[in-house]
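Q: One structure is given below, represented as structure tokens, and several questions about it will come after.
The values are calculated or read from the model by the stated rules, or taken from the named source; none is laboratory data. Only a predicted model underlies this, so the values are computations on that prediction, with no experimental measurement involved. All Cβ positions, glycine included, derive from the backbone under ideal geometry; neighbour counts span all protein chains shown.
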Amino acid sequence: MSNPTQPWEQLTTALVDTGVFIHWFRGDRYALQFFRDPQRTLYYAKATRKELLREPIRTAEATRIKAFLNRFRLVNPDDQIAVKFSELVQKYGYLRMHPADALIAATAWDKNLPLLTSNTRHFLAIEEITVIRFTPASFSEAQRLSPLGTRDW
């Protein structure tokens, strides 16, 4: 079922952050819908791959993650991304504590791709990139069902 209020539904190309992949692996129906659209060209940063395959991880789970990631375009860091990484860390000091996020942001900036993320906290302040919030179905439904708009769990 479609939720037309989600800005990610209009995306035809994007750099996808780690959290959105995690929602897919957990079976979130909005994530499943997003990744199933054959009209989208999706990219992910090397840092995202590293975060998803971080140990401890079972061999079967690693195999499943790698097979899923193979459906999308990996962006490896290059000299231009390294320069943008340095510029972002210098401009936004808090990124020194979050190098993976800085590398993901630098990748989005260098490739001129909107960044789709479920965790906007480290990205919204970065003027050089366009950040699109991915709200998983489980959170959207909890917001809709709760009279106060807050989670009860």
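Q: Would you tally the residues in the range 54-105 being of a type in the set (S, T, N, Q) and surrounded by 12 or more Cβ atoms within 10 Å (Cβ to Cβ)? Walk me through how you get there before you give the answer.
A: Taking the range 54-105 first, the residues of a type in the set (S, T, N, Q) are 59, 63, 70, 76, 80, 86, 90.
With surrounded by 12 or more Cβ atoms within 10 Å (Cβ to Cβ) added as a condition, the list becomes 80, 86.
Residues in the range 54-105 being of a type in the set (S, T, N, Q) and surrounded by 12 or more Cβ atoms within 10 Å (Cβ to Cβ): 2 in total.
Q: Out of the residues in the range 65-81 that are part of a helix (DSSP H, G or I) and free of Cβ contacts under 8 Å to residues at least 24 places away in the same chain, which is farthest from TRP24 (Cα to Cα)? Spell out the reasoning first.
A: If we filter the range 65-81 for residues that are part of a helix (DSSP H, G or I), which is where we start, we get 65-69, 79-81.
Among the residues that remain, those that are also free of Cβ contacts under 8 Å to residues at least 24 places away in the same chain are: 66-67, 79.
Details: LYS66: 13, ALA67: 13, ASP79: 31 Å.
Filtering first and then ranking leaves ASP79.
Q: Also, I was wondering about something else. Answer yes if at least one residue in the range 30-51 is within 21 Å of PRO136 (Cβ to Cβ) and of a type in the set (Asp, Glu), and no otherwise.
A: yes
Q: Only one of TRP24, TRP8 is under 14 Å from the mean Cα position of the chain (by Cα) and closer than 23 Å to ARG58 by Cα; which? Walk me through it before giving the result.
A: Values: TRP8 fails: closer than 23 Å to ARG58 by Cα.
After ruling out the rest, the residue left standing is TRP24.
Yes/no matrix, rows are residues, columns are (1) within 17 Å of the chain's Cα centre (by Cα); (2) in a helix (DSSP H, G or I); (3) modelled with pLDDT of 95 or more; (4) closer than 20 Å to ARG26 by Cβ:
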position	(1), (2), (3), (4)
VAL83	no, yes, yes, no
VAL89	no, yes, yes, no
ASP110	yes, yes, yes, no
GLU141	no, yes, no, yes
ARG151	no, no, no, yes
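Q: Also: Could you list, in sequence order, the residues of the range 114-139 that are over 19 Å from ARG96 (Cα atoms) and either in a loop (DSSP other than H, G, I, E, B) or acidic (Asp, Glu) (or both)? First the steps, then the outcome.
A: From the range 114-139, those over 19 Å from ARG96 (Cα atoms) are 114-118, 130-139; that's our starting set.
Residues satisfying the conditions are PRO114, SER118, THR130, PHE134, THR135, PRO136.
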